[in-house]
């Protein structure tokens with residue numbers, strides 16, 4: 001337990017020390033919010049969709065958590081190259097404890113990042129529809145962060161260089177984000193597109209987050225929550241299995 005807490009705390013300290021990382025990770029979600037929210041807002045209203053900022057903001061919040069969560073896996077490669085991972089692995093604790101500590105720390109950082117983006121959306125005009133379900137929105141945000149932190153860690157366990165990790169992450173993140181329904185409604189899409197969106201794990205997190213913040217929820221909150229909990233558990237299991245074979 002002490003090792004788990006120490007690794008969790010280390011991830012938080014890394015995040016707080018990196019002001020450039022904080023500012024940089026806020027830039028892209030806010031660009032999407034301003035450019036798309038105000039650019040497509042008038043067309044969305046004319047089509048009868050209402051306030052586009054209300055629809056877009058939860059997707060942008062999920063984006064902030066997604067990017068931070070996935071790229072937290074690069075720290076595994078960094079620690080392998082600079083020897084910190086070797087010092088961690090010699091600790092007399094199961095490797096799954098080390099892996100959980102890293103993932104919980106990365107998920108906490110990504111959740112905080114998502115909350116910072118959420119705070120910025122209020123300046124753009126977003127308003128929470130129902131504060132009673134806001135704790136559920138925090139849970140969905142944490143599950144998004146935990147799922148993709150675990151996936152990023154699992155991938156990093158099989159890679160040795162940071163450049164390759166960044167290329168693969170960029171290749172994976174953009175389709176996952178754009179096909180999640182974060183930027184456009186999922187109703188009335190072609191059958192092929194609908195199937196792809198149902199296979200995208202982020203789509204359930206975005207749908208649940210949007211519903212918990214008072215927006216439209218396509219799948220229903222219980223279904224979204226069940227899928228996210230299941231996928232997060234599977235991702236943690238996969239990450240733990242791959243972390244067992246890591247050679248520092």
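The values are calculated or read from the model by the stated rules, or taken from the named source; none is laboratory data. Quantities reported herein were computed from a predicted structural model and do not represent experimental measurements. Cβ: placed from backbone, ideal geometry, glycine included. Neighbour counts: every protein chain shown.
Residue 181 fails exactly one of the following numbered conditions: (1) surrounded by fewer than 19 Cβ atoms within 10 Å (Cβ to Cβ); (2) touching a residue at least 60 places away in the same chain (Cβ under 8 Å). What is the number of that condition?
Of (1) surrounded by fewer than 19 Cβ atoms within 10 Å (Cβ to Cβ); (2) touching a residue at least 60 places away in the same chain (Cβ under 8 Å), only one is false for residue 181: (1).
Look at residue 114 and say whether it is out of contact with any strand residue (DSSP E or B) (no Cβ under 8 Å at 6 or more places or on another chain) and outside any loop (DSSP other than H, G, I, E, B).
yes
Based on what the data block shows, is residue 201 without any contact (Cβ under 8 Å) to a residue 60 or more places away in the chain and in contact with a helix residue (DSSP H, G or I) (Cβ under 7 Å, 6 or more places away or on another chain)?
yes
Return the total of residues in segment 127-158 being surrounded by fewer than 23 Cβ atoms within 10 Å (Cβ to Cβ) and within 28 Å of residue 172 (Cβ to Cβ).
The qualifying residues number 8.
Name the single residue, out of those in segment 100-126 being surrounded by fewer than 20 Cβ atoms within 10 Å (Cβ to Cβ) and free of Cβ contacts under 8 Å to residues at least 60 places away in the same chain, that is farthest from residue 229 (Cα to Cα).
123
I'd like to check which helices (runs of 4 or more DSSP H) are fully inside segment 138-248 and have at least 3 residues that are at pLDDT below 85 and within 24 Å of residue 114 (Cβ to Cβ).
162-178
Evaluate the following for residue 187: is it touching a residue at least 40 places away in the same chain (Cβ under 8 Å) and surrounded by fewer than 17 Cβ atoms within 10 Å (Cβ to Cβ)?
No.
Residue 78: modelled with pLDDT under 90 and within 21 Å of the chain's Cα centre (by Cα), yes or no?
Judged against the criteria, residue 78 is a match.
Name the pairs: first residue in segment 133-148 and free of Cβ contacts under 8 Å to residues at least 40 places away in the same chain and on the phi < 0 side of the Ramachandran plot, second residue in a helix (DSSP H, G or I) and buried (at least 20 other Cβ atoms within 10 Å of the Cβ), Cβ to Cβ under 6 Å, at least 6 apart or on different chains?
142/111
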